[in-house]
1. Cα to Cα, under 13 Å, and not fewer than 8 places away if on the same chain: which aspartates and glutamates meet these conditions relative to A:Lys388?
2. Considering amide H positions built from the backbone, and no H for Pro or chain starts, which residues 5 or more places from B:Val205, or on another chain, come under 5 Å of its amide H?
3. Which pairs in the list B:Lys8/B:Lys229; B:Lys40/B:Lys221; A:Lys16/A:Lys74; A:Lys88/A:Lys115; A:Lys139/B:Lys382 are over 22 Å apart, alpha-carbon to alpha-carbon?
4. Give me, ordered by chain and number, the residues 5 or more places off A:Ile239 or on other chains with an amide H under 5 Å from its own placed amide H.
5. When only Cα pairs under 8 Å and 6 or more residues apart are kept, what is the percent relative contact order across chain A?
6. Could you tell me whether segment A:436-476 comes out rounded, prolate or oblate from its Cα gyration tensor? Rule is a ≥ b ≥ c as square roots of the eigenvalues, rounded for a/c under 1.5, then prolate if a/b exceeds b/c, otherwise oblate.
7. State, as an integer percentage, the relative contact order of chain B based on alpha-carbon contacts under 8 Å between residues 6 or more apart.
8. Have a look at B:Cys202, B:Gly235, B:Val218 and report the one farthest towards the positive end of the charge dipole of chain B, computed about the Cα centre with Cβ charges (Lys/Arg +1, Asp/Glu -1).
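The values are calculated or read from the model by the stated rules, or taken from the named source; none is laboratory data. A quick note: this is a predicted structure, and the numbers were derived from the prediction, not measured. Cβ placement follows ideal geometry from the backbone for every residue including glycine, while neighbour counts extend to all protein chains displayed. Accessible surface is based on the protein model in full, side chains and every heavy atom, while ligands, DNA and RNA are left aside. Shrake-Rupley method; radii C 1.70, N 1.55, O 1.52, S 1.80 Å.
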Amino acid sequence: MSKEKTKMIHIQIDGKSLEVREGTSVLEAALQAGIEIPHLCYHPAFPSEGSCRMCLVEIEGRPDLELACSFPVKDGMKVSTQSEEVTKARKNMLEFLLAEHPLDCPICDKAGECKLQDYYEQYGFFESRFEEKKEKKEKKVEIGKTLLLDQERCILCTRCIRFLKEITGTRELGLFNRGVHTGVNIYEGNPVENNYSGNLVDICPVGAITDKDFRFQTRNWFLGSGPSICPLCGRGCNIDIEYHPGFPHFPVPKRVYRIGPRENHRVNGYWICDYGRYHYSYIDEDRQEQIVDNKKEKLDSWERVLDFLKERIKKLYYMNKTSRIAVLTSSWLSNEELFLIRKIFQEDLNVEKIFLTDPLPGEEDNLLLTPERSPNSKGASQMGLNFKELDLNKLAERTEVLLMFGSHITEHFATAQTQEAIGGIETKVLLNPHISDLNSLMDVVLPTCVIAEKEGTLTNVKGLVQPFSPVFEAKGHCRPEWEVLVNLAKKLALNFRYYSPFTSVKPIFKKMQKEIGFFGTKK
Amino acid sequence: MEEKVLTKNFGVKNSHRIDVYLERGGYQAVQKALQMDPDKILEEVKAANLRGRGGAGFPAGVKLGFVPKEVEKPKYLCANADEGEPGTFKDRYIMTHDPHLLIEGMIIISYCVGIHKAYVYIRGEYEHIAQQLEKALSEAYDKNYLGQNILNSGFDLDVFIHRGAGAYICGEETGLLESLEGKRGYPRLKPPFPAAIGLFQCPTVINNVETLSNIPQVILKGAQWFVNKGLPKDGGTRIFSVSGMVEKPGVYECPVGTSLKDIIYEYAGGLKEGKKLKAVIPGGLSAPILKPDEIDVPMDFDSLMEAGSMLGSASVMVIDQEKPILDVLRVISDFYSHESCGQCTPCRIGNSWINKIIHRLYREKGKKEDLDKIIRLASNMKGKTLCPLGDAAALPILSLTQKFREELETYTES
Ligand SMILES: Cc1cc2nc3c(=O)[nH]c(=O)nc-3n(C[C@H](O)[C@H](O)[C@H](O)COP(=O)(O)O)c2cc1C
Ligand code: SF4
Ligand code: SF4
Ligand code: SF4
Ligand code: FES
């Protein structure tokens, strides 16, 4: 059986010869070859249902048009996706769909990324011949915490229903009534309640399910989009971050408007969880954008801060007292950053007091969300860093220089407790992308970048090392931690030859691959 | 000539009771079949050229042959007693007057295919018939025609009755299966066909009540006898449901191939006094309409196909001259737009759109283009839908709008 499944056969679509796997559908074969066949109900994650009838194609030797989404390829098959009969059928199907469709485009969130709109422009362009009264249905059903359903816009592709059946198994949505009165809805009093509900907005091909979080906030065509990795748990879901680049003379309140899944079958398939989708405010809110200099020593530029740090560290180094340095890392840092911490502090400076402070674990679910609430705990555990058990007294004991990455320690200890413990430390520096309670306890706070603003790699819970690059530039004084670490190493003149090629992330990654077995074997 | 073989017990006192049924030769076919090799039964049914009585006319033996022989999974039989096609009322007669005939047919088919669980999917409105059928089942269990080790043959069979909830689409075989599984009656994409993947994903035989009720006589009297009753490629007799403006509406059993004209004028007594024939729908509401000069046609699947219509469920509806054709069109369209399950685009929207145009013609004078639009919409629906209901709606609407265009134009501005 499995042998047969991998058999390759030859077909032709629109005269183009293709080699495809036996058993794939005509639609899948076409999509793989970059040939577009319009489709609305088909979604690669579910078995095809054949309800929208948009994907009709002509197959040589068949009397009627066939559904591309369910018709399996056969050796020697000849398919036409552009014949007169096909284009006519397609147009007629669009006419049916649009006959009862409210023309809400001007006020519909989906406009600009709506399949019905796109197909009309590509294959339709007819005058409306519908002169009858349209059906009235519910325009604003609250089907979930963040979801609104407009039954009039719904084209009944049942993708939403199948998602809740096949993927989450929660089955909150169903079909009610019959014929032209058919409508999607929740069963009375039982809203869509699962950690993947936001995906319904993505898979709805039209503007029937909209996201309260995004509704009427902006127009999707104003948004730019960049690939990234979700840092909110250990899964490392591949995402697209959609952001507003701003208007020339009109400020927009924030950059990020929407997070969506980016297909990756090794990690998250087509989906992301709601936790990762809706908690993007960390990118724009409470950001530390300026250097905080509580010592009033004119530490107002990175150059001065680094010089200041160099002095403190060097002093201890020459006195052979680097045991008086403590470093608090976190697995919100990239592999490269953790590697640099290992190189500089553990190896070059012989620092012993290296700790890991991560967010407290959260709930997991049986799909994607892991209990870890940071994106690189696996990477941190594989880096060969000799983490000490986190203990405020040990951390503070005889410490003269404290370097803290991130403010997750606040989740482990009350701020007052931390303050008492570290109050006596002479030099306390925090590198953090966010404003936190710790700011007032520190001598210097240095603004750093979030994942969306920097480059690097992260290791997900399964051990997959995934690269990410900046979606947009950092604001204010924010700099990526790897750059700060490289500059510090250079200032310290520890091993000039070693650190000087590190002008970007790539050479650091290469070195890490060479030196740390885990990354070498795993690529 | 009327030919009472299938309906021979109709009208006999207490014919629904097993003792009466047995007295009149009932369950002999089961006794005979249980001695036979299942393959031999299959051969006999194939040779009988018994074509499905539910509407599509697919040869019953061929369909049985599609069921895979060696499978791990259980196999099922479903008797389709949904009888939803407007104008059709023959299955209810069988189940009312001769429920054991159906049960006997089901036992033989189950034995032939190796089925141990069978269902009767009966339309919701037939409540009293379902109750009667239930009684008949318990009679059959009592006499060990059902249950464990039937008549000491080692063969087991249980039969269950499932009542529908009032949807035409649940008579469509895959809609029926979904409904039987407890889901919304949405037809499934085919292939796979039920014979391979049916009820609960297992191989399933689905046959109309009348089809199954023919099985006992095929076994008792043989395929050749059956073929001789009808036509070589369409054997046996059929129960015609005749309704409309005739003197004697009702069910008439006649050989396959009997002329439509004879059915109307000989058996049903012709049109009601003083009425003149305007049109005939020969095979249930889904069948394209025939004009008076087209009714001299033998009532079998192939002949009616040639005549541009279909035999379907053999339900003859007679329409007289006084009936406005717009009313007929409206009734057809009302039915299909009401019964469209809503799953696929062309049927869901097409039927409703056509229906809205027709209703507008009652309110105000239409345009000539409205008739063209009905034709265009019905044509765009035809052959493009997920299940045959789309065609079942498009075909009669097309034929009626085309054949009676002149009369329909009186509803439009000239
Ligand atoms: C919309 C629709 C409704 C149907 N309703 C019935 C019905 O009520 N009873 C029936 O026997 N067949 C009905 N059929 C036909 C069934 O799908 C199927 O062909 C039949 O039950 C097979 O049995 P047969 O081969 O014995 O005719 C219907 C088909 C369609 C498309
Ligand atoms: S709400 Fe959207 S996804 Fe769900 S059936 Fe309607 S169009 Fe399809
Ligand atoms: S599962 Fe984890 S990585 Fe994926 S979206 Fe949710 S929080 Fe982000
Ligand atoms: S053709 Fe009509 S009844 Fe059949 S699946 Fe489509 S909408 Fe439902
Ligand atoms: S994509 Fe094939 S029918 Fe909808």
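1. Those aspartates and glutamates meeting the cut-off are A:Glu352.
2. Distant-sequence amide H within range of B:Val205: B:Tyr76, B:Leu77, B:Cys78.
3. On the way: B:Lys8/B:Lys229 14 Å; B:Lys40/B:Lys221 14 Å; A:Lys16/A:Lys74 15 Å; A:Lys88/A:Lys115 18 Å; A:Lys139/B:Lys382 31 Å.
A:Lys139/B:Lys382, as the Cα separations exceed 22 Å there.
4. A:Ser228, A:Ile229, A:Cys230, A:Arg262
5. Once divided by the residue count of chain A, the mean separation gives 10 percent.
6. oblate
7. Value for chain B: 16 percent.
8. B:Cys202
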